[in-house]
Each structure stands twice: as structure tokens, then as C-alpha cells.
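Here is the structure we will look at.
The values are calculated or read from the model by the stated rules, or taken from the named source; none is laboratory data. For clarity, every value in this text was computed on a predicted model and none was experimentally measured. With ideal geometry, Cβ positions are generated from the backbone for all residues, glycine too; neighbour counts draw on all protein chains shown.
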Amino acid sequence: MFNSIQQRFSSSERLLSLFRQGFSVMDLAEPLLSLDKTAPSSEAQKLMSDEEITHLGVRQNGRVVGYVKMNDLLSDGDLSRFREFAPSELLDDTAGLNSVLDCLVQQDTAFVKILGVVSCVIRRRDLEKPPMRMWLYGIISLIEMNVTWAVQELYPRDAWIRITAPTRVEKAQILQDERKRRGQYADLFSCLQFSDKLRILIKETRHRELLHIKSRKEGERLIKRLETLRNNIAHAQPIVDDNWDAIKTLNESIEQIVSAKNVRELIQKIQEDIEPQHWGR
């Protein structure tokens, strides 16, 4: 058990680097269209309407220095009353996707600097693009790997069956039989659904406490959010509007998920409590 924990710990830094640097903001960004601040509002209104954009960059001396939204525009004015970029709205072009989410939690739009000049824009709707979906699915897959590891350590030799609803075990057996029929080897546990594995792990109060889950009800909410997000990604359904809370939770916990921090602590604690009992026998 100790070796398996050490192996996972040693690979976590490489994984964390991959999730931080494997994709960047430029995989989601779109060019920020802009006009000079002396341009009439009517021209800006037409451009924003034709291009279906919500934010338009404003140039001064050839450099984008701010932006306007449609409701900022006066019918008989120009773009001189623009909004300056707030530090919380700006990202460097080398930033990772976790930085994009950090930014878009605070507002619905972020702006990207290339060589110090604001050149691109990212909106929440851009999170629907394949790079973000791949990134999120990778994190969820890591959660499933961590949960699988934890359950197999805590409930060896299929001991998890005794705390699992018979209907869920039966469904897993049906899938196992089907895989065998196709010549595919699969143990029973691997035939459980993602949500079944999570429920096994948080079944006991002590496990929930060590995983910092306050109650079974909170655990069920978390399971539902993750399962819904996972299914929506897998079936090419929209994710931002319906899964925003789950996306924020994953982003806030990415380091713990990649390093399997809470799971490692859970296994270590349970193992420490079991060993003294063995010594006294």
C-alpha cells in the first residue's frame, strides 16, 4: 500500500504540470474586434450587431485601451466614454485554463494580452469549446481513478459488495457478463457506474469526514453534479449554464485531485488504524 501511495505522489507533479500547461488561454480565445475611440456609436452598434459580439475594443493611438458594451453606446456619440480594463479581467496569452476559470468566475468575459497588448477576448460561452471539455473530462477521469484506487485499497477482495445496493451490483454483473461474452476481461468493480464508486467511498461517516464532506446529503449533491457534468461532456451537451457549480468546484480542487491528496490521506489514516489491531493479535 505504501509503495502505491508513493508512486502516485511522484507522478502527481507531472500530471499537474500537464493540466496547467497542456492547454492555454489561446485555445479558447477569439480576436477582439476594435474601433478607434473617435468612431461614431452607430458604427460600433452596427459592427457589434453584425458580428454578434457583446464587447468591442476601443483604440487610442493605435492601441486597444478599453472596451464598450452595447448598452454603453449613445446614439449620437462616439466611443470616448469607454471602460478601462480592470486587472481582474486580464490574462496573459501563456496562462492555463485554470486561470481562465479563475477569471470567469468573477465576470463573464476575460481579455488576453499578447506581448503586453490586449488582442483577444474569452467569454463564458467559449468554455464550450473542445479544449475546455477535454480538460474537464480529464480531471473527472482522474477523480474516477483516485476513487477506484481508494475503494480497492479500503475494500479488498470485493468487500465493497456488502455496502452496495443489490440492484447496483446486479447491474454491474450484467455488464460484466456482456463484456465476457465479447471476450473482454473485466472485474466486477470496473463494471460499476462512476456514481456507484463514489457512493461506496463516502458511504461511511468516517470516510466522509476524512474527505472533508460534511454529510451524506452534501456528498450526494457532489456526485450528482459530477455525474451530470461528465454525461454532458460525453454526449456533447452544453455544460456552462447547467454545470457551472461543478466546473468551479473542479477548478478550485484541481491540485488536490491531481495529487489525490484527500484520498491518500484517507487510505493512510485507515491503514494506520488497522495495523495496531493486527499487532495485538
Given the criterion surrounded by 14 or more Cβ atoms within 10 Å (Cβ to Cβ) and either assigned to a strand (DSSP E or B) or touching a residue at least 24 places away in the same chain (Cβ under 8 Å) (or both), identify the matching residue among Leu47, Leu74, Leu91.
Leu91
Evaluate segment 183-194: report whether one residue or more is touching a residue at least 40 places away in the same chain (Cβ under 8 Å) and either of a type outside the set (Phe, Trp, Tyr) or touching a Leu at 6+ places or on another chain (Cβ under 6 Å) (or both).
yes
Output the number of residues of segment 226-243 satisfying the condition of being touching a residue at least 60 places away in the same chain (Cβ under 8 Å) and either surrounded by fewer than 18 Cβ atoms within 10 Å (Cβ to Cβ) or not in a loop (DSSP other than H, G, I, E, B) (or both).
7
Kindly list the number of the only condition in (1) within 20 Å of Pro156 (Cα to Cα); (2) outside any helix (DSSP H, G or I) that fails for Gln271.
(2)
Out of (1) more than 30 Å from Leu142 (Cβ to Cβ); (2) modelled with pLDDT of 95 or more, the odd one out for Asp72 is which?
(2)
Residues satisfying the stated conditions in segment 141-158, i.e. farther than 25 Å from Ile257 by Cα and hydrophobic (A, V, I, L, M, F, W, C):
none
Selected residue (only one of Leu127, Leu79 is touching a residue at least 40 places away in the same chain (Cβ under 8 Å) and under 30 Å from His235 (Cβ atoms)):
Leu127
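Results for (1) of a type outside the set (Val, Ile, Thr); (2) modelled with pLDDT under 95, shown as yes or no for each residue.
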residue: Ala186; (1), (2): yes, yes
residue: Lys203; (1), (2): yes, yes
residue: Leu210; (1), (2): yes, yes
residue: Ile213; (1), (2): no, yes
residue: Thr228; (1), (2): no, no
residue: Asp242; (1), (2): yes, yes
residue: Asp245; (1), (2): yes, yes
Selection status of Ile257, modelled with pLDDT under 95, surrounded by 17 or more Cβ atoms within 10 Å (Cβ to Cβ) and in a helix (DSSP H, G or I)
yes
In segment 105-116, residue surrounded by the fewest Cβ atoms within 10 Å (Cβ to Cβ) [restricted to those that are at pLDDT 95 or above and among the hydrophobic types (A, V, I, L, M, F, W, C)]:
Ile114
Residue check for Thr148: of a type in the set (S, T, N, Q), surrounded by 15 or more Cβ atoms within 10 Å (Cβ to Cβ), in the same structural domain as Val258 (by TED's automatic domain parsing) and at pLDDT 95 or above:
no
